[in-house]
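Rule-based calculations on the coordinates, nothing more; no lab input. What you see is a predicted model; the values in this text were computed from it and never measured. For neighbour counting, all protein chains shown are included, and Cβ atoms are generated from backbone atoms with ideal geometry for every residue, glycine included.
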Amino acid sequence: MLLRWGDVVLRWVRCLTLGIALVSMGEAADDRLQSRCVRPRVAKLEWRDYFDPINDKVVEIDQWLNELSDFDRELAEAEIADLREQAALGRIPRPFGESLKRMREGQFVMLELRWRLAYGSGRPRKLRQYHVEPARLPTVLVALHKHLLVTHRGKAGLSSEEQWELQNVEVRKAFFRYAVGEHADWT
C-alpha cells in the first residue's frame, strides 16, 4: 500500500492530537475492525450514555476529575470529548490499537475506547469506556461502562494477571449494563 506524504502527515497529526503513539503505517490486525467508529461519515452518530451513575468506578472518574486543577480538568474533559467526537464521526485514526479495541462475548461485539490522561500529579491515568453498536439502532453508539484502569496498588505494581482480572471485572459490568438496557434500547 502506497501512502502519499499528505496522508502520512495527516495521520500523524491526528494521532498527536488524540495523544496516540503512531506505531506503524502498515495494516495491523485491528485495521480490519468493523465499527461505526472507523467509517467516516458526515452525520455524527448519537452517543447514548447508559452508565450506572452510582457505580463506584464511574464515580471515581468524576472524583479524579474534580481533584484536578481547573485547567487540567478542562484539558482532560476536552481530550475525552474529542475521542468520543472522533468516534461519533467515524474518524478514529489507524492504527486503532491505542484508542479503540474490539472485545467479543456472546452474540454481540463490544468495543473499548481508550485514553491515557497525563493530568495532575502522579502517574498518567488510563481511562476505558466500553460501548456497543446495536444493529437495530444504526445511528447510535451505546456507552455502557467506564473506569480508570488500575495498574498499581500503593507503590507495588500489579502482575499482568491481577491487572487482567481487575479489568475483566469492569468488562463484566459493561456486559451487565448491556443486558439490563437492551429491552429499552438503553434509554
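Restrict the search to region 121-184; then list the GluC sites (Glu not before Pro) that DSSP places in a loop and that have at most 15 other Cβ atoms within 10 Å of their Cβ.
Details: sites: 161, 162, 165, 170, 182; in loops: none.
Nothing satisfies the criteria.
Taking the Cβ-Cβ separation of residue 149 and residue 102 as r and a Förster radius of 22 Å, what is the calculated FRET efficiency to the nearest 0.05?
On the way: r = 17 Å, r/R0 = 0.79.
It comes to 0.80.
Using a 10 Å cut-off around each Cβ, can you sort 131, 145 from fewest to most neighbouring Cβ atoms?
145, 131
Once you have the Cα-Cα distance between residue 41 and residue 162, take 0.36 nm times their residue separation minus that, and quote the gain in nm to one decimal.
39.6 nm
What are the principal axis extents of the Cα atoms in region 112-181, in Å, biggest first?
46, 25, 16
Using the Karplus equation 6.51 cos²θ - 1.76 cosθ + 1.60 (θ = phi - 60°), what ³J(HN,Hα) coupling, rounded to whole Hz, does each residue of region 61-73 give in order, writing x for Gly and Pro?
5, 4, 4, 4, 4, 5, 7, 6, 5, 3, 4, 5, 4
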